[in-house]
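These notes concern the structure reproduced below.
The values are calculated or read from the model by the stated rules, or taken from the named source; none is laboratory data. Fair warning: this is a prediction, and the values are worked out from it, not measured in the lab. Methodologically, a virtual Cβ is constructed for each residue, glycine included, from the backbone with ideal geometry; neighbour enumeration extends over all protein chains shown. Accessible surface areas use protein heavy atoms only, side chains included; no ligands, DNA or RNA. Shrake-Rupley method; radii C 1.70, N 1.55, O 1.52, S 1.80 Å.
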Amino acid sequence: MTTRLTTRTVDATPAAIGEAADILRAGRLVAFPTETVYGLGADARNPDAVARIFAAKGRPSINPLITHVADIPHAQKLGRFCTYAEELAAAFWPGPMTLVLHRQDDAELADAVTAGLPTVAIRIPAHPVAQALLTASGLAIAAPSANPSGRLSPTAPGHVAQELDGKVELVLAAGRADAGLESTVIDLTGPAPRLLRPGTISAEEVEAVLEGPVERISTSDAKLAEAPPSPGLLLRHYAPRLPLRLNARSVEPGEALLAFGPNPFIAKGAAEVANLSPKGDLAEAASNLFAMLHHLDRPQDFTAIAVAPIPDHGIGLALNDRLQRAAQSS
Ligand code: TXA
Ligand code: MG
């Protein structure tokens, strides 16, 4: 399991997708694009294959994985759909939304996928390559983001090849992941719907479909430490190597600036500037976030990354969630 592999990055042609499906069916790993970020996939039924994901990422075994399926009938074999789940699935699937449901007793899933929990996280991705891989393999594919545990999520095939070199056999390349942030995770297993991870589908959009409130949880909530609703929530996440300084209104000497919006004077003195969205568009900023953090994360060139303030509404909530996690030191 610790053997070093030769990692090949190939364009996601139909032939390459067919080969990737064969690799998955043989119990080995493939990285593939989704509309959110690149995923590191394995056959969700096969315990050895799933163990390879945890080993490749260095992921703690208490942190469960998302299972990706091609369609709702397959999802229903894995999780028990309540009315809320049916409504959200109809509104947002295929798409960047993950539902946490009670696991079906006879769900064909390796226990490690759900970290032994009685619940399961399911998503139907919209990306055509992800869809084609699910269809060609006929599998439920367990896939976390294709990065070493605790590091930035990959939004381009080059990030995967760089960070998981020797640990994944094949990277299916299809350019940049559009949304750029991981899926919105909604937990439907408790007394009320709950947002476990903000994403590009906003809490407000989910509430509009459910015609009722969705509980938000904050990563700084002290109660979480006792009973985390999502095991991944408390782990250090999305960490660049350089320190991040959030809500920066000016730049210190030696710092790079991650800017947002048309605000040129804050950039004064920055060693380098990347602007998430010069026109101040939050969806564009989300799509650029991880790629720009990857680009600026150069300890040999800068002392820190100063990050301009980002509005805290809609997708901005998800952006600020990722930035706050990235800014937490280990
Ligand atoms: O956009 C995405 O969701 C990407 C692409 C590849 O689909 N995947 C992704 O997976 O971000 P990952 O493993 O990096 O994040 C999964 C999150 C973790 O925070 C995990 O704790 C949570 O989902 N999760 C998984 N199963 C859960 C469960 N049964 N109950 C609560 N949270 C769960
Ligand atoms: Mg991840």
(request) Take the chain, connect every pair of alpha-carbon atoms lying under 10 Å apart with a spring to form a Gaussian network, then pick out the residue of GLY199, GLY41, GLY269 with the largest mean-square fluctuation. (result) GLY269
(request) Work the Kirkwood hydrodynamic radius out for the range 27-118: mean of 1/r over every pair of different alpha-carbon atoms, inverted, in Å. (result) 14.0 Å
(request) Please report the Cα spread of the chain along all three principal axes, rounded to whole Å, starting with the longest. (result) 59, 49, 35
(request) Please determine, in degrees from 0 to 90 and to the nearest 10, the orientation of helix 47-57 with respect to the longest principal axis defined by the Cα atoms of the chain, where the helix direction is its Cα long axis. (result) 10 degrees
(message) Taking amide H atoms as placed 1.01 Å from N in the peptide plane, list the residues 5 or more away in sequence, or in a different chain, whose amide H sits under 5 Å from that of CYS82.
(response) none
(message) I'd like the carbon and sulfur percentage of the solvent accessible area for the chain, probe radius 1.4 Å, heavy atoms only, ligands and nucleic acids excluded.
(response) 53 percent
(message) What is the angle, in °, between the Cα long axis of helix 282-296 and the longest principal axis of the Cα atoms in the chain? Nearest 10 is fine, range 0 to 90.
(response) 80 degrees
(message) 5 Å is the cut-off here: which amide hydrogens, built 1.01 Å from N in the peptide plane, fall below it relative to ALA239, excluding neighbours closer than 5 in sequence?
(response) ARG151, LEU152
(message) Nearest 10 degrees is fine. How inclined is helix 83-92 to the longest principal axis of the chain, computing both from alpha carbons?
(response) 60 degrees
(request) Provide the packing ranking of 8-16, 317-325, 177-185, 239-247, i.e. peptides ordered by the mean count of other C-beta atoms within 10 Å per residue, highest first. (result) 177-185, 317-325, 239-247, 8-16
(request) Pull up all non-local amide H partners of LEU117: gap of 5 or more, or a different chain, and H-to-H distance under 5 Å with H placed in the peptide plane. (result) none
